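Everything below concerns the one structure shown next.
The values are calculated or read from the model by the stated rules, or taken from the named source; none is laboratory data. The structure presented is a predicted model; accordingly, all values stated were derived computationally and were not measured. Here Cβ is always computed from backbone atoms with ideal geometry, including for glycine, and neighbour counts include all displayed protein chains.
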Amino acid sequence: MIFTKERSKTMSRAASDKLAISGGRPVLQRDDYRNWPIITQDDRRLINEVLDSGIIAGGAAPQVAALEKEWAAYVGTKHCLTTCSGTAALHMSLAAVGVGPGDEVITAAFTFLASASCALHQNAIPVFVDIDPRTYTMDPTRLEAAINERTKAIIPVHIQGLPADMDPIMAIAKKHNLFVIEDACQAHGALYKGRKVGAIGHIGTFSLNNYKNLPGGEGGLFTTDDKVFLEKGGLIRCFGDEIDEVSHRRIYNASILGYMYRNQELPAALARAQLMHLDENNNIRIANANYLSRELRKIPGVIPPYCPPECQHVYFMYNVRFDPKAAGLDCEPRRFRIAVEKALCKEGALVGQWQTMPVPAQDLFQSKLGYGGSSYPWAVNEAKGIQYDYDVANFPVAKELCDTYTIVHGIHAPNGPELMEKIGAAFRKVFANLDEALAHADDAIYPGADGKLYGAG
Ligand SMILES: Cc1ncc(COP(=O)(O)O)c(C=O)c1O
């Protein structure tokens, strides 16, 4: 968007206005934001198809089967299974590649809990690797140091829509004979060197929850080229129950340990309808992110997200970091972020943190209570003298990120340049009045998106 002379005059006036946190007029109103997901006639049509069919569930029911075919074709894998969540897809993947008690599974220190807890669900032990300071994905240069004879799998996470650096990760995995399970739960449609994520590792996993770029309400997807993983995944998804080869019926004879991880027809139909608009909606996210980054880059102390040239980020989240030194202030970075977040929130900008700490810093890992307070699965290896150290000091990059970042909400369609321009104006206003913002750092203000923005109100 081109700034007119009139508009830039308005902007500089806005920048000198009193901050809303001190009683001034906010830059944004709640109704400047439009909600996600977008429901179209395609959603209504496919949901009605389910209702008219009278089939609402089933491992091979029509919508589920069609979604599996369409998603495999979209991602570029031979096979796909639908699941009831992204977490289920991750757990199924570890079970399918044969991870078991005492094995170690490596993932990134900055992620959602499920990238690590899926290992615990398989009685295996999560090991964390710090992140790259620019991309916030697993730092491949630190990966080999985390590998030992117990390591079975690596779970790189395509964080907030940006692919992890898969070439070095795949090369290290090959060298050490490890399985790679992509956690693509936040990155539907993202590209790494022209390839869709979810088609690079041995298995790819996606979430379909209502926040995601591809929402189905809840649900997940498991993608692979490997027929053995497909068949094993299918068994694990449905109690481990064998299917009779002739009659194609369940024979209620569980041959392996399985779970109930099937999805249903209504979420599958919704995901299929949303898939028809995925690329179009991802392109809007990308355009919004590029617009906002161009504006925010001009403000000293604001660090917009970085996307390496070989990747296509799909901006499930738009992550901004703050650097008080670059803003000309001698201030503790965490306090600076909190002050800026609160001032932006009062300007009407929906900003706020997602993960507040690296995953290994969570109580689950600090206490290692495990199953029923038994210390399992860690106790399996600790009995052999192996120690697991989840000291947050081991993950300085993830820790610094968690101190200094916020999420700018509203990057999704149907929001567009008008909203991005207002968000940019709110940032400019706050950064033109940083002393005033810092004076309110301890005010009782709780930044974040309201639930309704993501249809969960
Ligand atoms: C990176 C990541 N992995 C896994 C999951 C788990 O997905 P689900 O909530 O569908 O179980 C999520 C969900 O938000 C996620 O963000």
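Take residues that are crowded, with 23+ Cβ neighbours inside 10 Å and of a type in the set (A, V, I, L, M, F, W, C) and tell me which of the helices (runs of 4 or more DSSP H) falling wholly in the range 313-389 contain 3 or more. Steps first, please.
Details: elements: 333-346, 363-367, 378-382.
It comes to 333-346.
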Determine the pairs where a residue that is hydrophobic (A, V, I, L, M, F, W, C), located within the range 344-359, has a partner that is modelled with pLDDT of 95 or more and assigned to a strand (DSSP E or B) with Cβ atoms under 6 Å apart, the partner being 6 or more residues away or on another chain. L344/V351; V351/T406; V351/V408; W354/I407
Only one of these conditions is not met by A119: (1) within 16 Å of the ligand (Cβ to nearest atom); (2) outside any helix (DSSP H, G or I). Which number is it? (2)
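Kindly provide the set of residues from the range 193-209 that are part of a loop (DSSP other than H, G, I, E, B) and more than 10 Å from the ligand (Cβ to nearest atom), ordered by number. Don't jump to the end; show me each part of the working.
Quick first cut of the range 193-209, residues part of a loop (DSSP other than H, G, I, E, B) only: 193-194, 197-202, 208.
Result: K193, G194, V197, G198, A199, I200, G201, H202.
In the list R334, R321, which residue meets the criterion of being under 27 Å from A432 (Cβ atoms), touching a Ser or Thr at 6+ places or on another chain (Cβ under 6 Å) and touching a residue at least 12 places away in the same chain (Cβ under 8 Å)?
Details: R334 fails: touching a Ser or Thr at 6+ places or on another chain (Cβ under 6 Å).
Selected residue: R321, the only one of R334, R321 that is under 27 Å from A432 (Cβ atoms), touching a Ser or Thr at 6+ places or on another chain (Cβ under 6 Å) and touching a residue at least 12 places away in the same chain (Cβ under 8 Å).
If you take the residues in the range 288-312 that are assigned to a helix (DSSP H, G or I) and touching a residue at least 12 places away in the same chain (Cβ under 8 Å), which one is surrounded by the most Cβ atoms within 10 Å (Cβ to Cβ)? Even if it seems obvious, please write down each step before you answer.
Within the range 288-312, the first condition is being assigned to a helix (DSSP H, G or I), and the residues that meet it are 288-296.
Among the residues that remain, those that are also touching a residue at least 12 places away in the same chain (Cβ under 8 Å) are: 288-289, 291-293, 295-296.
Values: N288: 23, A289: 23, Y291: 19, L292: 25, S293: 20, E295: 19, L296: 22.
The extreme case among them is L292.
Look through the range 133-164, keep the residues that are within 16 Å of the ligand (Cβ to nearest atom) and part of a loop (DSSP other than H, G, I, E, B), and return whichever of them is farthest from Y315 (Cα to Cα).
Going through the range 133-164, the residues within 16 Å of the ligand (Cβ to nearest atom) turn out to be 135-138, 153-164.
From what is left, the residues that are part of a loop (DSSP other than H, G, I, E, B) are 135-137, 156, 158, 162-164.
Values: T135: 12, Y136: 13, T137: 14, P156: 17, H158: 11, L162: 7, P163: 11, A164: 14 Å.
The extreme case among them is P156.
From the list G416, G448, pick out the single residue that is surrounded by fewer than 19 Cβ atoms within 10 Å (Cβ to Cβ) and modelled with pLDDT under 95. Write out each step before concluding.
Values: G416 fails: modelled with pLDDT under 95.
Testing whether each residue is surrounded by fewer than 19 Cβ atoms within 10 Å (Cβ to Cβ) and modelled with pLDDT under 95 leaves just G448.
Provide a single number: the residues in the range 46-88 that are under 14 Å from G204 (Cα atoms), in a helix (DSSP H, G or I) and within 16 Å of the ligand (Cβ to nearest atom). Steps first, please.
Filtering the range 46-88 for residues under 14 Å from G204 (Cα atoms) gives 68, 71-83, 85-88.
If we keep only those that are in a helix (DSSP H, G or I) too, we end up with 68, 71-75, 86-88.
Adding the requirement that they be within 16 Å of the ligand (Cβ to nearest atom) leaves 71, 86-88.
Total meeting the criteria: 4.
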Suppose the filter is touching a helix residue (DSSP H, G or I) at 6+ places or on another chain (Cβ under 8 Å), acidic (D, E) and either farther than 22 Å from G219 by Cβ or away from the ligand (no atom under 13 Å from the Cβ) (or both); does D167 pass it? no
With respect to the numbered conditions (1) farther than 15 Å from G258 by Cβ; (2) within 12 Å of the ligand (Cβ to nearest atom); (3) not polar (S, T, N, Q), which one is the sole condition not fulfilled by M92? (1)
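Within the range 171-179, is even one residue surrounded by 24 or more Cβ atoms within 10 Å (Cβ to Cβ), of a type in the set (A, V, I, L, M, F, W, C) and either assigned by TED's automatic domain parsing to the domain that holds F128 or free of Cβ contacts under 8 Å to residues at least 24 places away in the same chain (or both)?
Residues of the range 171-179 that are surrounded by 24 or more Cβ atoms within 10 Å (Cβ to Cβ), as a first pass: none.
Scanning the range 171-179 turns up no residue that is surrounded by 24 or more Cβ atoms within 10 Å (Cβ to Cβ), of a type in the set (A, V, I, L, M, F, W, C) and either assigned by TED's automatic domain parsing to the domain that holds F128 or free of Cβ contacts under 8 Å to residues at least 24 places away in the same chain (or both).
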Spot the failing condition for F110; the list is (1) of a type in the set (A, V, I, L, M, F, W, C); (2) out of contact with any Phe, Trp or Tyr (no Cβ under 6 Å at 6 or more places or on another chain); (3) within 16 Å of the ligand (Cβ to nearest atom), and only one is missed. (2)
